[in-house]
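Inspection log for the structure reproduced underneath, given as structure tokens.
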Number of protein chains: 2
Amino acid sequence: MHQTFDAALEINLLHANQAGADHNRAHFDEWGITCLNVMSSPGAGKTVLLERTLAALNQELKIAVIEGDMTTELDAERLRQYGVPVIAINTGRSCHLDSQMVSGGIHTLAQEYNPSELELVFVENVGNLVCPAEFEVGEHAKVALLSVTEGEDKPLKYPVMFQEADCLLITKTDLAPYLDIDLHRLESNVRQMNPHVRIIPLSAKTGEGLEQWFDWVRTQIQSLQIEELAIQA
Amino acid sequence: MHQTFDAALEINLLHANQAGADHNRAHFDEWGITCLNVMSSPGAGKTVLLERTLAALNQELKIAVIEGDMTTELDAERLRQYGVPVIAINTGRSCHLDSQMVSGGIHTLAQEYNPSELELVFVENVGNLVCPAEFEVGEHAKVALLSVTEGEDKPLKYPVMFQEADCLLITKTDLAPYLDIDLHRLESNVRQMNPHVRIIPLSAKTGEGLEQWFDWVRTQIQSLQIEELAIQA
């Protein structure tokens, strides 16, 4: 979040964003779509994670991606190779996706595809461990990635992301043997910020943790379906 | 930078920041201090770089550090062990240092130490590859770090940081053998954004590049001294 020298303005900004997020969420719920907001520092492995996920779950689930980047469609192009709808949003100078940008993405998606046929939308946020955590976009759950190369102190130094996450993927575990990192201390630092977050150590290279991640994604979709049935009953 | 739904406000924000940066810069010039603003994603190695730099140059140069973090004094404590003045600034929810925060740091420094005896001030920014690049703090030069683990596409996806940098340190080169990274392509992507930036591949672990980095720092101090002599002449 930027300091604007005006606390009221910051509150208004987050308030306007939340109203837009509620609007997006209502669309997702109407269409029976589970939306997951995927966030991390640049280069922690968000796009590789989505590549592995699309490769594994594309036959089982109807998936789309809303892909946020400041510039370029490099990541969007990588994900389009998996044959799923990918809506690219260039944020320009903005350091995070906000609900208004994602609303644009949702409406483009709904124009080009039948949204009621979709079951899962991943929002890949701009690479930034700070601001994306403060701007809801209408997601049902927040997924944060932290690479083992970033160091075990990060949950203490960038607390909001870790407090907000529903699932934390500790990525690039294949590199841990080459680093001076204490994974137990990292996990205990995460727990200090968020006792209940699901933590999955993962390597897109060796495949470690991918099955647990896929199961967690399936559980998110099932919880939403159970919730809907309860509302209908 | 955040979208504020108000272009005029964004301009005012950057304008107010620039006025503060000019004020800080005037102080640095008055005291004969060279100020370097050190920026990167979280975990790219800013604090380790400063540890190595203080260990090597502390006898040769009078150095102080202004240390920005959202929360905690973890990094400030690490650097204080080298016996240099370290002013810690906690930015709270803010994702970057701005000139007003650094002004507070400078005035604290000037109260506790004789600033005219200092030659070099490092400002270690909040870990964020986006926003710090837009907010000058009064520095004479900008130093950006990009770790090899972040991937060769980052200069294209986060252009402002690479356009603004005077020196780019490609860190953690000791990990390159374990990664699928094309260092030539990374360098060519950097050049596409900034043909004139000084690029130094560096490993705080093996020591690769550290001497070139120290030389670059010395050159910054000398250029400022030559500039001052020219003004006095």
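Read-outs: derived from the displayed coordinates by stated rules, not from any lab. All of these numbers come straight from a predicted model, not from anything done at the bench. Glycine gets a Cβ as well: all are built from the backbone with ideal geometry, and neighbour counts include every protein chain shown.
Considering only Cα atoms, the convex hull volume of segment B:60-118 works out to 85 Å³ per residue.
Relative to the present Cα-Cα distance, how much length would full extension add between B:Ala7 and B:Arg218 at 0.36 nm per residue of separation? Don't jump to the answer; show the numbers that get you there.
On the way: separation 211, 0.36 × 211 = 75.96 nm, distance 4.00 nm.
Stretched fully, the B:Ala7-B:Arg218 segment lengthens by 72.0 nm.
Annotation for A:Asn12, label-to-label distances across the other copies: 0.9 nm (shortest first, one decimal, point 7 Å from Cα along Cα→Cβ). Using only alpha-carbon positions in segment A:32-232, the gyration tensor eigenvalues give semi-axes of 26, 19, 17 Å once each is multiplied by 5 and square-rooted (largest first).
Ignoring everything except DSSP H segments at least 4 long, calculate the 222 nm mean residue ellipticity for chain B; use -39,500 (n - 2.57) per segment, divide by total residues, nearest 500. Please list the in-between numbers first.
On the way: 8 runs with 102 residues, N = 233.
Taking each H run of at least 4 residues, the total per residue is -14000 deg cm²/dmol.
Taken one residue at a time, the phi angles of segment A:132-144 give Karplus couplings (6.51, -1.76, 1.60, θ = phi - 60°) of x, 5, 8, 10, 5, 10, x, 5, 8, 8, 10, 10, 10 Hz. Gly and Pro are set to x. Compared with the alpha-carbon gap, the fully stretched path from A:Ala56 to A:Thr206 is longer by 52.5 nm at 0.36 nm per residue. Identify, among A:Asn194, A:Ile33, A:Tyr178, the residue whose Cα sits farthest towards the positive end of the charge dipole of segment A:32-232, taking +1 on the Cβ of Lys and Arg and -1 on the Cβ of Asp and Glu, with the dipole about the Cα centre. Going by the charge dipole, the pick is A:Tyr178. Taken one residue at a time, the phi angles of segment B:160-166 give Karplus couplings (6.51, -1.76, 1.60, θ = phi - 60°) of 4, 4, 7, 5, 7, 5, 8 Hz. Gly and Pro are set to x.
Only helices reaching 15 angstrom along their own axis (Cα) with mean Kyte-Doolittle hydropathy no lower than 0.5 count here, and for the DSSP H runs of chain B these are B:46-57. Counting from the shortest, the label point at B:Tyr178, 7 Å from Cα toward Cβ, is 0.6 nm from the same position in each remaining copy. In this Cβ point-charge picture (+1 for Lys and Arg, -1 for Asp and Glu), segment B:13-106 has a dipole of about 140 debye about its Cα centre. Between copies, B:Gln81 shows label-point distances of 4.3 nm, shortest first, with the point placed 7 angstrom from Cα along Cα to C-beta. With a Cα cut-off of under 25 Å and a minimum spacing of 8 residues unless on different chains, the lysine pairs in segment A:32-232 number 16.
Other residues lying with their Cβ under 11 Å from the Cβ of A:Cys35 contribute a combined charge of -2, Lys and Arg counting +1, Asp and Glu -1. Candidates B:Leu145, A:Gly20, B:Ile11 compared by Cα position along the dipole of the protein assembly as shown: farthest toward the positive end lies B:Leu145, with charges placed on Cβ. Shape annotation for the protein assembly as shown: C-alpha extents along the principal axes are 83, 48, 41 Å, from largest to smallest. Summing Cβ point charges (Lys, Arg +1; Asp, Glu -1) relative to the Cα centre of segment B:32-232 gives a dipole of roughly 220 debye.
The alpha-carbon atoms of segment B:103-143 define a convex hull whose volume equals 84 cubic angstrom per residue. Among B:Val148, B:Val137, B:Val84, the residue with the largest mean-square fluctuation in a Gaussian network model of chain B, with springs joining Cα atoms closer than 10 Å, is B:Val84.
Express as a percent, rounded to the nearest 5, the fraction of DSSP beta bridges in the protein assembly as shown (both residues included) that run antiparallel. Walk me through the numbers on the way to the answer.
On the way: 0 of 56 bridges.
So the antiparallel bridges in the protein assembly as shown amount to around 0 percent.
Considering only A:Gly207, A:Gly32, A:Gly105, the Gaussian network model of chain A with Cα springs below 10 Å gives its largest mean-square fluctuation to A:Gly207.
Please find, in a Gaussian network model of chain A (springs between Cα atoms separated by less than 10 Å), the residue of A:Thr34, A:Thr149, A:Thr219 whose mean-square fluctuation is greatest. Top of the fluctuation ranking is A:Thr219. Neighbours of A:Glu136 by Cβ distance under 14 Å: Lys/Arg scored +1, Asp/Glu scored -1, total -4.
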